[in-house]
Amino acid sequence: MALFVDSINVNLVLMHEDLCEMWGKQLPKASDKGYPKIFDDMVYWVLMINGQAAGHTGSLTIKEPNKNRFVLVGNTYIRKNWRGHGLHSYLLNTRNNSLHLKTIPKITVLNPIEDSTLPHLAKVVERLGYKQVTWFPDVRDIMTKETYKNIRDESKQIWRLG
């Protein structure tokens with residue numbers, strides 16, 4: 001299937017309600033889809049193609065006492081009719097390389113839903129330069145052990161960029 005695009009851009013919106021309005025319907029919050037509850041506080045990056053919302057992802061900057069800042073990223077979704085064109089990677093790269101996030105370490109929790117699989121998501125983030133977090137020392141410079149425990153889930157993987 002060919003990708004016909006007159007215009008493509010990524011809009012930053014601040015609230016879940018704004019995301020739903022752009023999407024054209026009510027969407028579940030990240031925690032409703034299996035992400036840690038803290039993901040519900042994210043701002044959203046909406047991929048617009050030809051004036052229509054085709055995908056979204058989120059980010060939440062966190063600064064814990066005596067730690068460096070980091071950004072939780074994730075809850076990414078591309079509409080089924082737009083999948084298979086590299087838009088997932090495009091959206092993640094756009095978000096990750098934005099002026100205010102580019103130099104900050106990013107943490108993502110891989111949470112496959114619908115037709116996605118954990119191995120496929122791992123390949124995507126690995127191609128973008130992420131490294132898998134296997135234990136707390138991998139992130140101790142940016143988060144407390146309590147935060148690590150709150151986002152850690154045996155059924156999901158944590159990955160770090162930067």
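Quick note: the coordinates plus some simple rules give every number you see, no bench work behind them. Just so you know, these numbers come straight off a predicted model, no measurement behind them. A quick note on method: Cβ atoms are made from the backbone with ideal geometry, for glycine too, and the neighbour counts reach across all protein chains shown.
Within segment 105-137, the set of residues being of a type in the set (V, I, T) and either under 15 Å from the mean Cα position of the chain (by Cα) or surrounded by fewer than 18 Cβ atoms within 10 Å (Cβ to Cβ) (or both) comprises I107, T108, V109, I113, T117, V124, V125, T134.
Return the residues of segment 61-82 that are within 9 Å of the chain's Cα centre (by Cα) and either within 14 Å of R160 (Cα to Cα) or not in a strand (DSSP E or B) (or both); say none if nothing qualifies.
Within segment 61-82, L72, V73, G74 meet the criteria.
Here is a yes/no grid of residues against (1) among the aromatic types (F, W, Y); (2) more than 22 Å from C20 (Cα to Cα); (3) in contact with a Ser or Thr (Cβ under 9 Å, 6 or more places away or on another chain):
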{"position": "G86", "(1), (2), (3)": "no, yes, no"}
{"position": "Y90", "(1), (2), (3)": "yes, no, no"}
{"position": "H100", "(1), (2), (3)": "no, yes, yes"}
{"position": "I107", "(1), (2), (3)": "no, yes, no"}
{"position": "P137", "(1), (2), (3)": "no, yes, no"}
{"position": "E146", "(1), (2), (3)": "no, yes, no"}
{"position": "K156", "(1), (2), (3)": "no, yes, no"}
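Restricting attention to segment 1-60 and to residues that are part of a strand (DSSP E or B) and polar (S, T, N, Q), the residue that is farthest from T94 (Cα to Cα) turns out to be Q52.
Residues checked against (1) charged (D, E, K, R); (2) buried (at least 16 other Cβ atoms within 10 Å of the Cβ); (3) farther than 19 Å from E114 by Cα:
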| position | (1), (2), (3) |
| --- | --- |
| N9 | no, no, yes |
| W23 | no, yes, no |
| P28 | no, no, no |
| P65 | no, no, yes |
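Residues in segment 74-86 that are in contact (Cβ under 8 Å) with a residue 40 or more places away in the chain and buried (at least 20 other Cβ atoms within 10 Å of the Cβ): G74, N75.
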